[in-house]
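The values are calculated or read from the model by the stated rules, or taken from the named source; none is laboratory data. For clarity, every value in this text was computed on a predicted model and none was experimentally measured. Ideal geometry is used to build each Cβ from the backbone, glycine not excepted, and the neighbour counts take in all protein chains shown. Areas reflect the complete protein model, heavy atoms only, side chains present, ligands, DNA and RNA absent. Shrake-Rupley method; radii C 1.70, N 1.55, O 1.52, S 1.80 Å.
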Amino acid sequence: MIPDRVTLVEMGPRDGLQNIDAAIPTDAKIRFVDALTRAGLPVIEVGAFVSPKAVPQMADSADVFAGITRTPGTHYTALAPNLRGYDAARAAGADAVAVFTAASETFNQRNIRASIAESLERFAPVLERATADGVPVRGYVSCAFGCPYEGAIDPAAVVRVTADLFAMGVAEVSIGDTIGVATPNRVDSVLTRLAADHPADRIALHFHDTRGTALANVLRALELGFQTFDTSAGGLGGCPFAPGATGNVATEDVLYLLDGMGIDTGVDFDRVVDASLVIEQVLDTPLPSRALRAALAQRAREAAE
Ligand code: HMG
Ligand code: MG
């Protein structure tokens with residue numbers, strides 16, 4: 001079942017940076033995205049067209065889009081919670097957009113101030129306009145394994161909201177372990193249900209590595225035949241509406257695993273390290289990725305020789 005080829009969807013500039021309080025200059029965000037492009041990431045989530053009061057770090061997303069250097073092989077995407085966000089994302093030049101809801105009512109209220117049903121109603125005009133424009137839409141389902149407010153989440157809730165998103169016309173659904181509570185057996189129980197209804201190549205996995213289980217979960221999803229993973233350079237990340245949440249599983253960590261297993265991604269490990277360094281130097285603090293830390297230690301050793 002393990003696929004020969006995997007698509008990595010880079011979250012660093014959006015999910016990675018959205019939870020960081022420090023001011024990150026727009027210019028550094030642009031250099032980060034450009035370095036990720038050079039690394040060969042096929043999809044980069046560049047920013048979010050959301051309320052700047054809710055997520056101040058994403059307020060300069062249009063300027064980031066305006067400053068980046070694009071290559072034809074890369075898709076540049078953005079979050080769009082409503083029609084206003086969709087229009088702003090398209091005006092900025094996003095190739096695709098993502099709407100986002102949850103399997104938990106409480107999380108959804110805190111995150112986007114809507115019930116799950118209300119959020120789907122808000123997405124309907126976005127899907128309608130995107131379909132007319134020929135723009136692919138991704139749908140996120142947050143808290144698919146657990147919620148910071150409600151605790152364990154019934155897989156049936158994930159199945160329901162995923163089916164609703166596909167019925168509305170999204171191209172792909174990303175299943176989010178927002179607070180990093182999943183373990184491989186729970187991945188199994190959610191993904192086998194989803195795989196019964198939808199092709200695996202239309203479902204992405206979005207693991208946060210809060211408790212160190214993300215790589216084990218990636219491996220389990222690979223074994224079940226899933227082939228799209230959301231990752232963040234350096235393991236940057238979190239969610240402003242999920243207290244204590246840490247970064248997405250690191251691009252370098254997943255890439256080290258996939259390279260070692262002979263699974264093709266088209267992404268260059270050393271160049272992802274270079275991209276992570278752009279942000280690490282601005283933050284002046286080490287990013288959490290284990291494979292990044294090992295690569296930098298090796299670079300330092302080689303430089304000393
Ligand atoms: P609301 O209060 O229901 O909407 O918020 P509203 O229409 O009443 O607007 C509220 C304010 O937002 C107004 O401004 C609007 O102008 C403004 P104010 O009058 O207060 O100055 N506004 C906007 N501004 C810019 N762009 C827009 C926009 N729409 C309204 N598109 C809303 C609803 C969704 C807007 C708000 O709650 C919001 O922006 N939330 C941000 C949520 C967010 O970005 N969360 C983080 C990303 S999700 C995530 O990280 C999870 C994920 O990674 C997967 C996982 O890990 O699970 C994807
Ligand atoms: Mg996330």
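Evaluating T192 against the criteria (1) among the polar types (S, T, N, Q); (2) within 16 Å of T162 (Cβ to Cβ); (3) in contact with a helix residue (DSSP H, G or I) (Cβ under 8 Å, 6 or more places away or on another chain); (4) free of Cβ contacts under 8 Å to residues at least 40 places away in the same chain leaves one unmet condition, (3).
The number of residues in segment 163-177 that are crowded, with 24+ Cβ neighbours inside 10 Å and either among the charged types (D, E, K, R) or modelled with pLDDT under 95 (or both) comes to 1.
The helices (runs of 4 or more DSSP H) found entirely in segment 7-108 that carry 1 or more residues being modelled with pLDDT of 95 or more, open to solvent by 40 Å² or more (accessible area, probe 1.4 Å) and hydroxyl-bearing (S, T, Y) are 26-38. Scanning segment 130-162 for residues that are open to solvent by less than 20 Å² (accessible area, probe 1.4 Å) and more than 14 Å from ligand 1 (Cβ to nearest atom) returns A130, V135.
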